[in-house]
Each structure stands twice: as structure tokens, then as C-alpha cells.
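The values are calculated or read from the model by the stated rules, or taken from the named source; none is laboratory data. Please read all numbers here as calculations on a predicted model, not as lab measurements. Positions of Cβ are backbone-derived with ideal geometry, glycine not excepted, and every protein chain shown enters the neighbour counts. All accessible areas refer to the heavy atoms of the entire protein, side chains included, with ligands and DNA or RNA removed. Shrake-Rupley method; radii C 1.70, N 1.55, O 1.52, S 1.80 Å.
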Amino acid sequence: MKTNTVLIKNAKIVNEGKIVEGDILIEGEYIKEIADSISAKSSSVKVIDAEGNYVFPGAIDDQVHFREPGLTHKANIETESKAAIAGGITTFIEMPNTVPQTTTIEKLEEKFAIAAETSHANYSFMFGGTNDNLEEILKVDEKNVAALKLFLGSSTGNMLVDDPKTLEKIFSSTNLLIAVHCEDEETIKTNLAKYTEKYGDDIPIKFHPEIRSEEACYLSSSKAIELAKKTGARLHIFHLSTAKETELFTNKIPLKEKKITAEVCIHHLWFSDEDYDAKGTLIKWNPAVKSAKDREGLWKALLDGRIDVIATDHAPHTLEEKKNVYTKAPSGGPLVQHALVAMIEAYHKEKISLEKIVEKMCHNPAILFQIEKRGYIREGYFADLVIVDVNSPWSVKKENILYKCGWSPFEGTTFKSRITHTFVNGYLVYNNFKFTNGKAAKRLTFDR
């Protein structure tokens with residue numbers, strides 16, 4: 001793509017705990033200048049009047065499943081990264097439970113090659129740990145990959161690591177950040193057997209949070225934290241779903257110094273078990289959406305700093321797959337296109353400030369994964385920027401859903417805000433519901 005110079009005028013810049021009115025000058029891939037007022041130096045400068053709308057750093061989603069390779073009937077890197085930029089997410093970190101799984105360096109590099117060709121958003125991947133690939137884990141260059149992902153509870157594409165000796169060895173041997181899915185497998189199996197005996201395969205979906213219970217989550221999370229403390233490993237626990245688990249984390253030290261961190265996902269902040277009647281298996285996730293009290297506890301921990309990051313766990317399946325009976329309906333749903341506007345909806349309800357949304361979706365993922373020059377609006381940083389009109393309502397309908405799977409748990413929801421412009425590495429890639437033809441995405445680099 002040819003070098004471009006863009007001047008964003010009259011913006012409310014949301015960054016580093018403040019909202020400041022001003023202009024942003026982009027030259028090539030980078031933010032060149034931020035000031036109260038900047039004049040276009042030549043006619044070749046493209047001027048965009050933000051008209052008093054907000055400018056956010058592009059959101060960084062630390063947990064997505066884009067299903068490529070091997071499951072591309074559900075999604076692929078091209079379709080889902082496109083949906084992400086329409087939703088204001090300019091960077092994603094993708095998970096290893098594809099087919100084949102990303103558990104060798106060779107398979108990891110194959111994914112990087114696909115993303116280099118097709119991704120619309122900046123990208124990196126997690127390397128997958130299993131019960132028998134420690135040798136391969138030790139070959140991973142930590143400058144090359146976002147983190148190591150371990151499933152301590154089985155989920156889609158079974159990569160369960162359940163051997164305690166292997167687990168301790170992995171925790172003791174790697175410098176990589178270890179990101180974990182925590183649910184205790186034995187507890188879930190026992191609960192599932194009880195409900196299957198009563199209902200067969202067609203278990204009412206409302207029992208999902210009782211099968212994948214608070215106990216299953218807490219038991220697994222607390223064990224992982226215990227192991228991290230014992231070995232000194234750097235641990236990040238994905239998608240907390242219970243109020244009880246939030247007690248395991250601290251807000252007493254800055255994020256940069258934390259060795260044990262936590263994430264919450266959009267669906268656990270938005271839905272509760274009261275929504276199963278209306279939404280059915282469309283809101284079947286692992287870990288399960290639980291009670292309104294749990295949701296309240298997650299919000300509290302998010303706002304007081306015990307939870308560090310908001311992500312999506314975007315995990316599409318076809319509608320046909322989701323409409324199966326309970327035991328056959330897969331867990332997961334698509335979220336990247338609607339995550340940021342869902343959080344801004346919470347701002348409209350006075351649950352969270354715009355500054356806090358930016359902290360949890362942009363700044364903190366950059367700190368946590370030591371991502372170079374992203375996640376902030378700073379001179380010299382990559383110009384990953386999103387213009388948001390917070391007072392421009394629209395409704396989620398089949399025809400404006402961009403996911404390859406063609407559905408959303410938010411279908412029928414009206415959001416008060418919309419993403420009007422998305423810049424990736426200085427290039428305007430999305431402009432008022434239209435994509436430009438170019439791709440500007442880059443592989444993430446890490447300051448490690």
C-alpha cells in the first residue's frame with residue numbers, strides 16, 4: 001500500500017485514563033503527532049473530521065478462535081478478522097485448538113503464513129500445550145509467539161492437559177506466559193452423568209451452569225494459581241465466570257508487576273442464566289454463563305482491578321451445529337464484531353467509563369503480553385485507531401452480521417453506538433460500514 005498521511009481533526013481522544021480534545025496526525029504506519037490543533041501541511045493530506053466523536057486505540061483481543069485451518073466451514077482468519085475491524089478490534093491473538101492443533105513449530109508457522117496472506121487485523125497466535133509436547137514447547141521462541149495455551153478443562157478440539165506431573169514440568173520449564181482454560185474435568189463428568197441419567201442427551205440448557213459449575217471453575221483456577229506460585233510461572237487465567245474465582249486475584253500491585261492475571265469475556269458480563277430460556281444453546285459457552293450474582297461479582301472485580309483484561313473468546317459454530325440437543329451442541333459463539341459496542345452500551349448504563357473500557361481492552365492486553373507499540377494513542381506508536389460515535393443507534397440483524405457463521409447472540413439488540421472508522425497500521429481499512437480494498441495487518445512483535 002502506498003504511504004499515506006491522514007489528519008484526524010476534532011477528536012475526543014480516550015487514552016491513558018483521560019479524554020482530551022485534539023487532533024492526531026498519522027504518517028505511514030505511525031502516529032506522528034498528537035496536539036490541540038494540527039494543520040494539514042499539503043493537499044495530499046487526507047483530513048477526517050471526527051466531529052467531536054471519540055477516538056480509541058484499536059482494541060486488542062487476547063482470545064479468539066478463528067477456526068483456520070481445518071474448521072473453515074465455521075469461520076476463517078479472513079472473515080473473522082474483517083468482522084473484528086468492523087467492531088473496532090485491530091489486533092487478535094488466536095488459539096491453538098484448530099485442526100491440526102497448533103502444537104508444533106511447523107503448524108504454528110503455517111498459521112502465521114495464512115494470516116500474512118489473509119488477515120485484516122494484526123495477529124499473533126498461542127502455542128498449544130498437551131500431555132506430550134514439552135520438547136516442542138521448549139523450542140518456542142518467546143519473541144515469536146504471544147503465549148502458551150493450556151486447556152485444564154476439555155473444550156472444543158480436545159487438548160486437555162490432565163497429567164499433574166506434565167503440568168508441573170510445563171509450569172517449571174517455560175518463560176512463556178501460560179494462559180489457561182480452567183474447569184475441573186472430573187467435576188464436570190460427574191455432573192454431566194447425573195443429568196444425562198435423568199434427561200438423556202436432551203438436557204435442558206438451563207442446567208449448563210450446574211454441569212459446568214462454580215465448583216468446577218474454582219477448583220481448577222485455584223489449583224493453577226497454586227502451581228504458578230510454587231513454580232514462579234507467569235499465569236493468565238482466561239474467561240472467569242464466577243464471583244468466587246475473583247477472590248483469587250489481587251489489585252494491590254500494578255499490572256506490570258503481576259505474575260498472576262485474569263480475564264473476563266463479554267458474554268459473562270452481558271448474559272446471565274436468566275437468558276437461557278430465550279437464547280438456548282446460542283449462549284452455551286465453556287465456562288458457562290452463570291448467575292446474575294456471578295455477573296455482578298465479575299463487574300466488581302473488573303472495575304476494582306482484580307480482573308485485568310476484557311476479551312471475547314470469539315468461537316463460532318454454524319447455526320445448524322448450535323441447534324443440536326444439549327450434549328451435541330458445541331460451546332462457543334461469535335463476538336468480535338459486537339464486543340466494543342456492547343461495552344460502550346454498559347458505559348451508557350453508567351456501569352463503566354470509556355477510559356476504563358480502553359484500559360481493559362487496549363492498554364492492559366498490550367502490557368500483559370508485552371506487545372510492542374500498540375494499545376495506546378502515543379506518538380511513535382502504530383496508528384491502530386478507532387473512531388466511535390456513541391450516539392448513533394443501530395440494530396444487529398442477519399444482513400449486517402459479518403461472521404462467516406451468519407448469526408450472533410446479539411441479534412435483535414439495538415446498540416446506541418457504532419464504529420465509524422478503523423485504522424490498522426495507519427491505513428483506513430473500514431469507513432462507515434464499507435471496507436477499503438487494502439490489507440495493512442502485521443504480525444505482532446513483543447518487547448521481551
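So which of 22, 52 is assigned to a loop (DSSP other than H, G, I, E, B) and not hydroxyl-bearing (Ser, Thr, Tyr)?
52
Residue check: is residue 20 within 29 Å of the chain's Cα centre (by Cα) and touching a residue at least 60 places away in the same chain (Cβ under 8 Å)?
So residue 20 fails the test.
Just the residues that are surrounded by fewer than 16 Cβ atoms within 10 Å (Cβ to Cβ) and either among the β-branched types (Val, Ile, Thr) or without any contact (Cβ under 8 Å) to a residue 40 or more places away in the chain (or both), please, taken from the range 112-127.
Within the range 112-127, 113, 117 meet the criteria.
When the residues of the range 328-374 are filtered to those that are farther than 30 Å from residue 199 by Cβ and small (Gly, Ala, Ser), which remaining residue is surrounded by the fewest Cβ atoms within 10 Å (Cβ to Cβ)?
Within the range 328-374, the match that is surrounded by the fewest Cβ atoms within 10 Å (Cβ to Cβ) is 353.
Can you tell me how many residues in the range 279-310 are open to solvent by less than 10 Å² (accessible area, probe 1.4 Å) and over 20 Å from residue 404 (Cα atoms)?
Result for the range 279-310: 10.
Quick check on my filter: what residues within the range 303-327 are in a helix (DSSP H, G or I) and of a type in the set (A, V, I, L, M)?
303, 319
List every residue pair whose Cβ atoms lie under 7 Å apart, where the two residues are 6 or more positions apart in sequence or sit on different chains, the first residue falls within the range 374-388 and is basic (Lys, Arg), and the second residue, located anywhere, is not in a strand (DSSP E or B).
Here the result reads 374/366; 374/381; 374/384, each pair linking the range 374-388 to a residue that is not in a strand (DSSP E or B).
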